[in-house]
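Have a look at the structure below before the remarks.
The values are calculated or read from the model by the stated rules, or taken from the named source; none is laboratory data. Quantities reported herein were computed from a predicted structural model and do not represent experimental measurements. Note that we place each Cβ from the backbone using ideal geometry, even for glycine, and neighbour counts take in every protein chain shown.
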Amino acid sequence: MNAVKTTCPYCGVGCGVLAAPRKDGGADISGDPQHPSNFGKLCVKGSALGETLGDHGRLLYPQMHGERVGWDAALDHVAQGFRKIIDEHGPDAVALYVSGQLLTEDYYVANKLMKGYVGTANIDTNSRLCMSSAVAGHKRAFGEDLVPISYEDLELADLVVLVGSNTAWCHPILFQRIVKAKEQRPEMKIVVLDPRRTATCELADLHLPLRAGTDVTLFNGLLTYLHQHGVVDTKFVDGHTTDVERTLAIADNTAGDLRSVARACRIEPSVLGEFYRMFARTEKAITAFSMGVNQSGAGTDKVNSIINCHLLTGRIGKPGMGPFSITGQPNAMGGREVGGLANMLAAHMELANPTHREIVQEFWKSPAIVAKQGLKAVDLFNAIDEGKVKAVWIMATNPVVSLPDADKVKSALSKCELVVVSDIIEKTDTAAYAHVLLPAAGWGEKDGTVTNSDRRISRQRAFLPLPGEAKPDWWIIGEVAKRMGYAEGFNFSGAHEVFDEHARLSAYRNEGSRCFDINGLSGLDRQGFDAMDPIQWPVLADAKGTPRLFENGRYFHADGKARFIPTPPRGPAHATDAEFPLVLNTGRIRDQWHTMTRTGRSPKLASHIPEPFVDMHPHDALMSGVRDGELVRVATRWGALVARLKTTPEQGRGAVFVPIHWNNQFASDARVGALVNPAVDPVSGEPEFKHTPVRVEAF
Ligand code: SF4
C-alpha cells in the first residue's frame, strides 16, 4: 500500500504526515512535503508516531463493570442509563466531557446530540484547559472566535513576540519556521516574555522574565507607551474600532509609567524600555501567545490586553502583523467550529442569540435547542461531586490526571451513578472509574478532519484496520443517540456525511454575518472527502481558502467594528504566603504529549526525560533546604507529589516548574493536576495552571 496522507495527532501546528503501513501492522512515518504547515518536516514526537502503534495496551472490546460485552449490550446500557437519569432528573443531570483529540466529525455529532436532542449544553472539552481564554478574547474583540493570521505571516514579520509560549518545545515545527525566517533575514527580531528561560529563549534577541501573572500590566503599559509616543493608527482606530478612550484611560490609570510597570513585572526598566521601543518602531509585528497567557485566572484579559495593542497600531489584517493564538491540541480549533464547548452552539453561533438558536434548530430539525450555557470543565466535575450531574460520558481524555484539583475528580467519579469512558487505551487513570468502557478508533484507524492553529482544515485518514471491535467515536455517539430515540438526526453512513452537514450548517442563513463559513467544502461525497486538500477557512463558494482575516477592516460585531476591551489588572486567585512561599507553574516537555497514554509507549521519546522532575532556582532550593538531584516533596493546599529536583538558574526565582505529563502508569503519585488550584478565569472558565502557591521540602 502506498503512503497515506494524514495529519499528526499531537499539537496544534497540524503537520502533514505520510504513513506507509507495513505488513507487521506498524507503519513507516515521514513528513508530508506538500502539507503547507510543515513542508515535510516532523518534530521528534511526530517522527516517533510509528512507535506508538500496535494493540499493546489497547482497549479492544466494550466492557461493563470490567467484563467484556458485545456492542449492543454496551450501547443499550449507555442509552438506557442516560435516558433514565434524564427522565428522572432532567437533561442537565447528564454530561459529556470530550477532547481536542476528537476529530471534527466526532465533535459535531456529540454536540448535536446534547444541544439539539438531549436538551442540555453540558458538553465541555479538555480544550477548556487549553485555549478557551483565547476564544473568549477573540469573541470580545472581533465578535467571533477568529485567528487573524497564517503561519506565513510569522515568516513575513519583522518582530515576533512570543508570550507564555515555549514554542521550541511545544510547537517545534512552527518554531523551526521562525528560526529559518530569522536565518534568512537576521534583522528579524524575536522577543520572548516568559518567567522561565526556556529553549525558545535561545533564539530571542530579548527575553523578558516577567513575574508570573503580570502580563496584563505589561501590555497595558505598552498600550500607554504607544499612545504617549503617537504610535497610533488614527484612521484605523476611528474607522474600525470602538471603546479606545475608555480602554486607554484604564490602562493609563492602572499601569503607570514605565518604571512602575517594570517594578510590578520585576523586569529591568532598561529591558522593558527596549521591548516597548522595539514594538513601537516595528510595523510588521506579531504577538503570538499560548498557555502562559491562556491558563490564568485573568487569561481572557491577558488576550485582550495583547489585542488592544494591535488595534491601536492598526497592526492587524495586513501581511506580517497581528495577534496570534497558538493552540495546544490538534483539533482544539475544530471543536470550537462545531460548538464543542459548553458556552457555544455550532458553526460559531451563540447560545444566547435567539436567531442563532432558531437557525441551528431549523437546520437540525431537532426536538430541542438549548438556550443556557452548560457547565464548563471544572464546574462540571464539581457538579458531579455534588451529585447534580449523575451520568458522564468521557471521550478521549484523562481528567483524573489533567484537571486541576484532580483528586476531587477521582472523588466525583467514584460517586457518579454512571461513568462511561470511550478511549483507545484500556487502563488509564480515568478508565479505572468507568462503569462502561467503549473501545474507540485511534490515530491511523479513523477518518475525518482536524483544524490547526492557522485555521487550516486537514484530513486525518485511516491507514490501518480497526483493531478488535474498536469503532469511530462519531459512530458510537450516533448509535447511542438512535437507542435514545433520536434516529432521524444520526443516520450518517460515514465521516464524509457528517462533514457535509457541518459545512452546510456553516452557510445556512448566513449572508456574511458570520465569518465561519465552509460552504465551499459542502457536497463532497466519500471520494471527494477522501481527496480533500488542506485548506484555511473561511472557504466560500469559490472553494478557495482564506489565509488572512480582516483585510477589509470588517469585524463581526453587529456594527462591523472591533472592540478595545479595558483590562484592569487582577492578581492570581491564591497568593503565596509563609506556608506556601513559591509559585507552581506547570507545562509540557519536548517529547511527551498530555498524559502520556500514547507518547509513553515510545522508548525513543522516553529517553529525553525519563522521570518527573521539579525545576527550581538554586537560591530557592537553598532557602527550602533541598538539593539538586534528590527526591523532593512538592506540596500545595490541594495535593502533593514526589519528584526529582533539578536546580537551574533558568527557572526564575520564586517559582517552580513541574511537567503535566506523568500519570500513575509511569510514575506513582506524580499527577501534578492534583496539586493545581481549581480557580478559573471568570470569563472563559480556563483554569489557573500557572499559579498555585507551593512548598518544596525534603522527601
Ligand atoms: Fe506533530 Fe506538532 Fe510535532 Fe508537527 S510540531 S510533528 S503537529 S507534534
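Using the structure shown, decide if VAL163 is in contact with a strand residue (DSSP E or B) (Cβ under 8 Å, 6 or more places away or on another chain) and surrounded by 22 or more Cβ atoms within 10 Å (Cβ to Cβ). So VAL163 passes the test.
Here the condition is being under 30 Å from VAL389 (Cα atoms), within 16 Å of the ligand (Cβ to nearest atom) and modelled with pLDDT of 95 or more; of LEU59, LEU96, LEU103, LEU42, it holds for LEU103 alone. Selection of the stretch 551-571 for residues being out of contact with any strand residue (DSSP E or B) (no Cβ under 8 Å at 6 or more places or on another chain) and not polar (S, T, N, Q) yields GLU551, GLY553, ARG554, PHE556, ALA558, GLY560, ILE565, PRO566, PRO568, PRO569, ARG570, GLY571. Which members of the stretch 352-378 meet the condition of being buried (at least 18 other Cβ atoms within 10 Å of the Cβ) and closer than 18 Å to GLU686 by Cα? Result: GLY374, LEU375, LYS376, ALA377, VAL378. The criterion of at least 2 residues that are within 21 Å of ARG554 (Cβ to Cβ) is met, among helices (runs of 4 or more DSSP H) falling completely within the stretch 240-332, by 244-255, 299-312. Looking at ALA134, ALA121, just one residue is among the hydrophobic types (A, V, I, L, M, F, W, C) and assigned to a helix (DSSP H, G or I), and that residue is ALA134.
Surrounded by fewer than 24 Cβ atoms within 10 Å (Cβ to Cβ), in the same structural domain as LYS410 (by TED's automatic domain parsing) and among the small types (Gly, Ala, Ser): does that describe ALA431? Let's see the steps before the verdict.
Details: surrounded by fewer than 24 Cβ atoms within 10 Å (Cβ to Cβ): yes; in the same structural domain as LYS410 (by TED's automatic domain parsing): yes; among the small types (Gly, Ala, Ser): yes.
Here the answer is yes, as ALA431 does meet what is asked.
Please tell me if PRO659 is under 19 Å from GLY164 (Cβ atoms) and of a type outside the set (Lys, Arg). Against the criterion (under 19 Å from GLY164 (Cβ atoms) and of a type outside the set (Lys, Arg)), PRO659 qualifies. Only one entry of ALA342, ALA347, ALA352, ALA368 meets the criterion of being among the aliphatic types (A, V, I, L, M), more than 25 Å from HIS171 (Cβ to Cβ) and in contact with a strand residue (DSSP E or B) (Cβ under 6 Å, 6 or more places away or on another chain), and that entry is ALA342.
The residue of the stretch 139-196 that is farthest from MET291 (Cα to Cα), among those that are part of a loop (DSSP other than H, G, I, E, B) and among the hydrophobic types (A, V, I, L, M, F, W, C), is MET188. Scanning the stretch 579-610 for residues that are farther than 18 Å from PRO172 by Cα and either assigned to a strand (DSSP E or B) or among the basic types (Lys, Arg) (or both) gives LEU582, VAL583, LEU584, ASN585, THR586, ARG598, ARG601.
Going by what's in this entry, would GLY50 be described as within 14 Å of the ligand (Cβ to nearest atom), buried (at least 22 other Cβ atoms within 10 Å of the Cβ) and farther than 25 Å from LEU418 by Cα? No; evaluated as a whole, the condition is false for this residue. Within the stretch 360-382, one or more residues are among the aliphatic types (A, V, I, L, M) and without any contact (Cβ under 8 Å) to a residue 60 or more places away in the chain.
Mind checking which residues of the stretch 264-277 are on the phi < 0 side of the Ramachandran plot and within 30 Å of the chain's Cα centre (by Cα)?
Within the stretch 264-277, ALA264, CYS265, ILE267, LEU272, PHE275, TYR276 meet the criteria.
Listed conditions (1) more than 16 Å from the ligand (Cβ to nearest atom); (2) surrounded by fewer than 21 Cβ atoms within 10 Å (Cβ to Cβ); (3) of a type in the set (Phe, Trp, Tyr) are all met by TYR108, apart from (2).
Residue by residue, here is whether (1) closer than 17 Å to THR300 by Cβ; (2) of a type in the set (A, V, I, L, M); (3) crowded, with 18+ Cβ neighbours inside 10 Å holds:
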residue	(1), (2), (3)
PHE564	yes, no, yes
GLY571	yes, no, no
ALA575	no, yes, no
ALA578	no, yes, no
PRO581	no, no, no
LEU584	no, yes, yes
ILE589	no, yes, yes
GLN592	no, no, yes
MET596	no, yes, yes
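For the structure I just gave you, tell me whether GLN176 is under 30 Å from THR586 (Cβ atoms) and outside the structural domain of GLY340 (by TED's automatic domain parsing). Against the criterion (under 30 Å from THR586 (Cβ atoms) and outside the structural domain of GLY340 (by TED's automatic domain parsing)), GLN176 qualifies. Take THR224 and tell me if it is crowded, with 19+ Cβ neighbours inside 10 Å, in contact (Cβ under 8 Å) with a residue 40 or more places away in the chain, within 21 Å of VAL271 (Cβ to Cβ) and among the hydroxyl-bearing types (Ser, Thr, Tyr). No.
Give the stretch 462-486 a look and list any residue that's among the small types (Gly, Ala, Ser) and either touching an Asp or Glu at 6+ places or on another chain (Cβ under 9 Å) or at pLDDT below 95 (or both), or say none. Across the stretch 462-486, the qualifying residues are ALA462, GLY468, ALA470. Scanning the stretch 659-699 for residues that are buried (at least 24 other Cβ atoms within 10 Å of the Cβ) and part of a strand (DSSP E or B) yields VAL680, PRO687, THR692, VAL694, VAL696.
Candidates in the stretch 487-508 are the residues that are among the acidic types (Asp, Glu) and within 15 Å of SER366 (Cα to Cα); of these, the one that is modelled with the lowest pLDDT is GLU488.
Within the stretch 77-104, the set of residues being of a type in the set (S, T, N, Q) and either surrounded by fewer than 19 Cβ atoms within 10 Å (Cβ to Cβ) or touching a strand residue (DSSP E or B) at 6+ places or on another chain (Cβ under 8 Å) (or both) comprises GLN80, SER99, THR104. Of all residues in the stretch 200-218, those being away from the ligand (no atom under 14 Å from the Cβ), in a helix (DSSP H, G or I), out of contact with any His (no Cβ under 6 Å at 6 or more places or on another chain) and more than 26 Å from ALA679 (Cβ to Cβ) number 2.
Residue under question is ALA95, and the condition is that it be assigned to a strand (DSSP E or B) and assigned by TED's automatic domain parsing to the domain that holds VAL392; does it hold? Write out each step before concluding.
On the way: assigned to a strand (DSSP E or B): yes; assigned by TED's automatic domain parsing to the domain that holds VAL392: yes.
So ALA95 passes the test.
For the stretch 10-35, a residue qualifies if it is surrounded by fewer than 21 Cβ atoms within 10 Å (Cβ to Cβ) and more than 12 Å from the ligand (Cβ to nearest atom), and the qualifying residues are ALA20, PRO21, ARG22, LYS23, ASP24, GLY25, GLY26, ASP28, PRO33, GLN34.
A single entry from PRO603, PRO569 fulfils the requirement of being outside the structural domain of ASN304 (by TED's automatic domain parsing) and either at pLDDT below 90 or of a type in the set (A, V, I, L, M, F, W, C) (or both): PRO603.
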